[in-house]
Amino acid sequence: MPTLHYIHRQIICNLLKPYVQIEYANAEIKNRAAFDRDNDQYLIISQGWQNKNRHHSCLLPVEIIKGKVWIQCDNTEDGIANDLVVAGIPKQDIVLGFHEPNVRQYTGFAIA
């Protein structure tokens, strides 16, 4: 029987993979997945060119820290937190790390 940690890891990977397929209409930008399962760090990195400007950013960094899924930043259009819940990760196991610690209690998700 898989552990809860393993299940969270699988859900995160499954939800992040489609972000690699996003095509940008006004830029030559590609998304890439960087999954480090040993350290439980999962990133979608965007890089390329928009006009004459170089673009390189982290679209979505997610980590598992002490059994909690931390969304460190969410630069997606709709946000990924509710998708994680729908996929089976309880809200009390998800921390919106991009919110200040004193604000997290009002988000409906874990504080830390």
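For the range 1-22, what are the residues that are under 14 Å from Q47 (Cβ atoms) and either charged (D, E, K, R) or more than 12 Å from the chain's Cα centre (by Cα) (or both)? So that I can check it myself, show each step before the final result.
Of all residues in the range 1-22, those under 14 Å from Q47 (Cβ atoms) come to 19-20, 22.
Those that are under 14 Å from Q47 (Cβ atoms) and either charged (D, E, K, R) or more than 12 Å from the chain's Cα centre (by Cα) (or both): V20, I22.
Checking the structure you have, find out if any residue of the range 60-81 is in contact (Cβ under 8 Å) with a residue 60 or more places away in the chain and in contact with a strand residue (DSSP E or B) (Cβ under 8 Å, 6 or more places away or on another chain). Reasoning before the result, please.
As a first pass, look at the range 60-81 and keep what is in contact (Cβ under 8 Å) with a residue 60 or more places away in the chain: 67, 69, 80.
Now narrow it down to the ones that are in contact with a strand residue (DSSP E or B) (Cβ under 8 Å, 6 or more places away or on another chain): 69, 80.
There is at least one residue in the range 60-81 that is in contact (Cβ under 8 Å) with a residue 60 or more places away in the chain and in contact with a strand residue (DSSP E or B) (Cβ under 8 Å, 6 or more places away or on another chain).
Does E77 qualify as being over 19 Å from Y6 (Cβ atoms), surrounded by fewer than 11 Cβ atoms within 10 Å (Cβ to Cβ) and within 13 Å of the chain's Cα centre (by Cα)? Spell out the reasoning first.
Values: over 19 Å from Y6 (Cβ atoms): yes; surrounded by fewer than 11 Cβ atoms within 10 Å (Cβ to Cβ): yes; within 13 Å of the chain's Cα centre (by Cα): yes.
For E77, the condition - over 19 Å from Y6 (Cβ atoms), surrounded by fewer than 11 Cβ atoms within 10 Å (Cβ to Cβ) and within 13 Å of the chain's Cα centre (by Cα) - is met.
Please go through (1) touching a residue at least 60 places away in the same chain (Cβ under 8 Å); (2) surrounded by 18 or more Cβ atoms within 10 Å (Cβ to Cβ); (3) within 19 Å of N39 (Cα to Cα) for L84 and return the number of the only condition it doesn't satisfy.
(3)
Check every one of the strands (runs of 3 or more DSSP E) wholly within the range 1-93 and list those with 3 or more residues that are within 28 Å of Q105 (Cβ to Cβ) and not basic (K, R). Don't jump to the end; show me each part of the working.
On the way: elements: 28-36, 41-50, 53-65, 68-71.
Where strands (runs of 3 or more DSSP E) fall fully within the range 1-93 and carry at least 3 residues being within 28 Å of Q105 (Cβ to Cβ) and not basic (K, R), they are 41-50, 53-65, 68-71.
Where a number appears in this text, it was derived from the coordinates with a stated rule and is not lab data. Everything numeric in this text was worked out from a predicted model, so none of it was measured. Glycine also receives a Cβ, built like all others from the backbone with ideal geometry; neighbour counts cover every protein chain displayed.
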